[in-house]
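I have placed the structure first, in the form of structure tokens, so that the comments after it can refer back to it.
Derivation of every value follows stated rules applied to the coordinates shown; laboratory data play no part. Quantities reported herein were computed from a predicted structural model and do not represent experimental measurements. Reconstructed Cβ throughout: ideal geometry from the backbone, glycine too, with neighbour counts over all protein chains shown.
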């Protein structure tokens with residue numbers, strides 16, 4: 001049996017027993033759980049979506065059970081989303097490092113599999129929205145309302161991972177263009193050097209030929225008086 005992506009019971013318990021002062025701890029716990037789940041699988045959009053859905057559902061279930069005083073359910077869900085976003089930031093960075101390494105080694109991001117990787121990176125935010133919308137759709141009425149408020153704020157302000165992913169994709173495209181220009185410039189310099197060498201070689205040959213002709217020319221006769 002495959003190892004589960006996350007421990008939902010642990011997350012449910014964490015949200016169920018959280019106090020109003022434990023927002024930062026919720027964010028940290030969700031971030032660590034999400035990151036561990038992402039590290040346990042191939043970093044595909046499908047696995048990212050599945051992980052975010054599992055984490056958000058556990059957070060939602062735990063928050064719904066929480067009866068601590070002064071609890072703000074919407075705030076708890078915001079912390080859960082912030083934790084997932086923080087984990088995705090690390091996933092974006094992992095993609096950046098891998099793609100930068102390939103570009104530096106001469107890979108072309110227009111190649112099919114690399115272009116897909118870049119396109120997927122640009123879809124991280126949409127993937128997160130899709131997962132959270134599914135969780136909201138399956139939540140009970142009070143929780144669905146809280147999720148609605150959280151999603152509305154997210155759509156208005158975007159996510160840190162989404163912004164970083166877009167920036168990374170743009171930087172990688174620019175890096176590839178710079179690398180291509182550098183390669184072309186190096187090729188031109190090499191061609192120019194070869195052309196200059198050839199010209200010098202031809203000049204040398206021509207000089208040699210001229211000297212040979214002069215050395216082999218018949219001596220001039222002294223005119224008789």
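See the values below:
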quantity: Binned Cα-Cα distance frequencies in region 61-160 - 10 Å width, integer %; calculated: 13, 37, 25, 15, 8, 2
quantity: Distance in nm between pseudo-label sites at residue 119 and residue 7 (7 Å out along the Cβ direction from Cα); calculated: 3.9 nm
quantity: Among 75-86, 115-126, the order from most to least packed when residues are scored by Cβ within 10 Å on average; calculated: 75-86, 115-126
quantity: For region 8-185: Kirkwood Rh in Å [reciprocal of mean 1/r, alpha carbons]; calculated: 17.2 Å
quantity: Relative packing of 88-94, 49-55, which averages over residues the other C-beta atoms within 10 Å, highest first; calculated: 49-55, 88-94
